[in-house]
Structure formats: structure tokens, C-alpha cells
Amino acid sequence: MNPSFALKLVAVCEAYFTLQEFTELAQLFMVQVDALSEYQPTWLSVCKEIAGKLDHGNTRSFVDNLLELAETRNADGVAHQTWERRDYHRGLTPVLAQAQELLSDSATPTELTVSAGQAFTAKSKVRELVAAATNELFVVDPYVGLGTLDCLRDVTVPIRLLAGDHSQAISSDFAPGLTAFLAEGHNLTVRRGQALHDRHLVFNDRCWLVGGSLKDAGKKPFHCIEIIDKATVVADLEARWSSATVFPSEPQ
């Protein structure tokens, strides 16, 4: 959690929203805020919770829209209020800008794009993305290799990896790499599924579509974009996992 962002959000919410309106907006984006169910919720407890789970579900989108609405109300206050209130809103204008900047810096991105020939940069960005997982990470990639494990090395939560089941799906360096990966304490389960075409990353109640295999990230133009309407996609991936076979090197 970024404490500075939480405090800026407190100031914005106190100025431009009631707790009731905030609750209704959160429900609109299907964002659960446990602090709102307390007997006497405070903006500090609410914003602290929101700042701590920006990477979960629709929270980032909710806060993006919340700040946009606050920005509109701020501009309206500057333009139409009495001079005393106008100064108040002018004082909040930089706070809004700082909150938006901090949000941009602290939240897990919705999109990654790296040009061809930048393998180091691409793998670094992937490692940074998946390291934000605070619950299980589910990776679907028809082709895996040692480079796949390199992308996953900073993940601290359990990982499921679904690879293809054809002869070229798993490179020869993957099995010995997996043994070393598990020996270092990583929790990784590998299965092989049929007819895999697309590549996905699923964690923190979010889902990304990946344009190329992680093992080759950066060799070609690399793209990764979040899927907002993810329920059907994730359900299909889970069904494929359920019907997949265990990779031989997986510990029993």
C-alpha cells in the first residue's frame, strides 16, 4: 500500500463524496470495501483499504473513475462557487493531480508493450507484473521453457502453469529448470492441456491476454493487455486445467 496515495484519496473523498455515494459507486463497479460495513466507517479506514488492493478486481478502474468524477466536481467548484469556496477547490486541484499520479505509479498496469529485440526489458516487465500477485497465479502458455521460469522467479504465491500437450510444447531445458525452481522453494504445479492457442495470466481477480510465449518475451514485439469482461475466459481456462494431465516432473 502507498500511504501517500491513501492520504490524498482521503482528502479527495472528504471533499467530493459522501460515504453513502462512495458505497453506491463501489457497488456499481462490484468492488467490495469491508471498512464500509463497520458501524462507523471513516474515510481513513476506507481509503487505506482501497489503496491496499488497487491490484484486485475492478478496484483500479473504480478509483480511476472516482478521481475523474472528483476532478469534474473540482473544476465546477472553481468555476461557480463563491470566492471563499473557490479558493478551497483551487487548493484541492494539486491534491487531485498528485493522487492521479500516485495511482498511475502504484497500480499494476492494464497493458504492457515492448518492441522486438528487447528481451531483457520484456522479461523484467513480466516479472514485475506477476510479482504483484497476492493470491494464486495461473499461467496458460502453449509453449514453455527455461525462459518461462525466469519470468516467474519473483512470484511468492502458488503458481499453476498450463502448457500444451504436443511434442514441441515443452522445451528440453524446462524439466531440469523446473527441478531447480522447485528446489529453491517455489510452489509450481504444471499440467499439459489440449488445443491451447492463446496465452493468459490470471491473478488478483484479474486476467491478461499475452501476445507471445513468456519464454520468448522480447524476441518479437511483446504485448500484454487486461481482459475486463473476464468471467467466461477464466471459466474456460479453469475447465481446461481440470481436464489437463500432470506434467511428469511435478512432485506428487
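Tell me, please, whether a residue that is under 19 Å from Asp198 (Cα atoms), open to solvent by less than 30 Å² (accessible area, probe 1.4 Å) and in a helix (DSSP H, G or I) can be found in the range 75-83.
Start the filter on the range 75-83 by keeping residues that are under 19 Å from Asp198 (Cα atoms), which leaves none.
No - not one qualifying residue is present in the range 75-83.
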* Structure fact -> Given the conditions (1) under 22 Å from Ser104 (Cβ atoms); (2) part of a helix (DSSP H, G or I), every one holds for Val31 apart from (2)
* Matching residues in the range 1-54 - criterion: being among the charged types (D, E, K, R), in contact with a helix residue (DSSP H, G or I) (Cβ under 9 Å, 6 or more places away or on another chain), farther than 19 Å from Ala97 by Cα and open to solvent by less than 60 Å² (accessible area, probe 1.4 Å) -> Glu49, Lys53
* Being part of a helix (DSSP H, G or I) and among the aliphatic types (A, V, I, L, M) is the filter; apply it to the range 150-182 and report the residue that is least open to solvent (accessible area, probe 1.4 Å). => Leu178
* **Residue check, Arg60 assigned to a helix (DSSP H, G or I) and either within 19 Å of Asn204 (Cβ to Cβ) or open to solvent by less than 50 Å² (accessible area, probe 1.4 Å) (or both)** => yes
* Structure fact -> The condition of being closer than 18 Å to Ala132 by Cβ and out of contact with any strand residue (DSSP E or B) (no Cβ under 8 Å at 6 or more places or on another chain) holds, among Asp229, Asp216, Asp205, Asp236, only for Asp205
* **Odd one out for Leu129 among (1) closer than 17 Å to Val233 by Cα; (2) out of contact with any Gly (no Cβ under 6 Å at 6 or more places or on another chain); (3) touching a residue at least 60 places away in the same chain (Cβ under 8 Å)** => (1)
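Just the residues that are among the β-branched types (Val, Ile, Thr), part of a helix (DSSP H, G or I) and within 13 Å of the chain's Cα centre (by Cα), please, taken from the range 101-145.
Start the filter on the range 101-145 by keeping residues that are among the β-branched types (Val, Ile, Thr), which leaves 108, 110, 113-114, 121, 126, 130, 134, 139-140, 144.
Next, from what is left, pick out any that are part of a helix (DSSP H, G or I): 121, 126, 130.
Across the range 101-145, the qualifying residues are Val126, Val130.
Restricting attention to the range 43-58, does a residue exist that is at pLDDT below 90, at negative phi and of a type in the set (Phe, Trp, Tyr)?
At the first step, the residues of the range 43-58 found to be at pLDDT below 90 are 51-58.
From what's left, at negative phi: 51-56, 58.
This time we only want the ones that are of a type in the set (Phe, Trp, Tyr), so: none.
No: zero hits.
Kindly evaluate Asp76 against the criterion of being among the acidic types (Asp, Glu), within 30 Å of Leu152 (Cβ to Cβ) and modelled with pLDDT of 85 or more.
Values: among the acidic types (Asp, Glu): yes; within 30 Å of Leu152 (Cβ to Cβ): no; modelled with pLDDT of 85 or more: yes.
Considered against the rule, which asks whether it is among the acidic types (Asp, Glu), within 30 Å of Leu152 (Cβ to Cβ) and modelled with pLDDT of 85 or more, Asp76 comes out as no.
The values are calculated or read from the model by the stated rules, or taken from the named source; none is laboratory data. Just so we're clear, the structure is a prediction, and the values are computed from it rather than from any experiment. FYI the Cβ positions are ideal-geometry reconstructions off the backbone, even for glycines, and counts take in every protein chain you see. Accessible surface is based on the protein model in full, side chains and every heavy atom, while ligands, DNA and RNA are left aside. Shrake-Rupley method; radii C 1.70, N 1.55, O 1.52, S 1.80 Å.
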